[in-house]
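As structure tokens, the structure follows; a few thoughts come after it.
The values are calculated or read from the model by the stated rules, or taken from the named source; none is laboratory data. Here the structure is a predicted model, which means the values were calculated and not measured. When we count neighbours, we look across all protein chains shown, and the Cβ atoms used for this are built from the backbone with ideal geometry, even at glycine.
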Amino acid sequence: MSLQAPEFFAELCLPFHDSTVVGNTYFAAPVPGAPLRLRIDFTRTIHADTYGGLRLAVVHPEHGETDAVALSFLDHGTFHRRDEATNTRPNTKHHGTFDTYHRPGRPPWEGAVTTGLHEAIEQYTAVWFPGAWTASTPSRAAGRSAHTSLAMPVTRSGARAR
């Protein structure tokens, strides 16, 4: 059965105008004219036809994959509400995942809350594609401030000073 990937990626509300979905994969050129591309795939689990997250990859046309990161649905709360409502136990096949079998007329990822994924994708792409999130696209993380972390000084031998 179909994953209904175009609808899933549309629900993520990604701001990239130069993008398309081919099969179950999302492709985008976040910065017009730049060689780097973004590819987003669904990640499989050990269970057949079951998906546990998204894999984001930065791809260069001549050099191939430059970087990649996996974003699990569980870590980003994508199916937290659904799992609570259906009493899906942790460490079961359906906890924090979805599979290709679903009710007719409904997407297989029914009940997904994509806010956490959207924010993680925004953070990741901001590193590789500065300026790709346009000012007209409001950030879901707006109003949050970055916290500065102080590093411990390093001695000449490379060991950390105490």
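Taken together, E7, E11, E65 contain a single residue that is within 23 Å of R103 (Cα to Cα), surrounded by fewer than 16 Cβ atoms within 10 Å (Cβ to Cβ) and not polar (S, T, N, Q), which is E7. A Cβ distance below 7 Å, combined with a sequence gap of six or more or placement on separate chains, defines the contacts here; from the range 1-21, residues that are closer than 18 Å to E122 by Cα and modelled with pLDDT of 95 or more reach no residue that is among the aliphatic types (A, V, I, L, M) and exposed (fewer than 15 other Cβ atoms within 10 Å of the Cβ). When L74, L36, L54 are checked against the criterion of being surrounded by 13 or more Cβ atoms within 10 Å (Cβ to Cβ) and farther than 21 Å from T100 by Cβ, a single residue qualifies: L36.
Reported count of residues in the range 62-82, each being at pLDDT 90 or above and within 14 Å of the chain's Cα centre (by Cα), is 6. Looking only at residues of the range 106-120 that are in a loop (DSSP other than H, G, I, E, B) and of a type outside the set (V, I, T), we find that the one that is farthest from Y51 (Cα to Cα) is R106. The residue pairs whose first member lies in the range 37-63 and is within 17 Å of L12 (Cα to Cα) and polar (S, T, N, Q), whose second member is surrounded by fewer than 17 Cβ atoms within 10 Å (Cβ to Cβ) and modelled with pLDDT of 95 or more, and whose beta carbons are closer than 8 Å, counting only pairs six or more residues apart or on different chains, are T43/R55; T43/A70.
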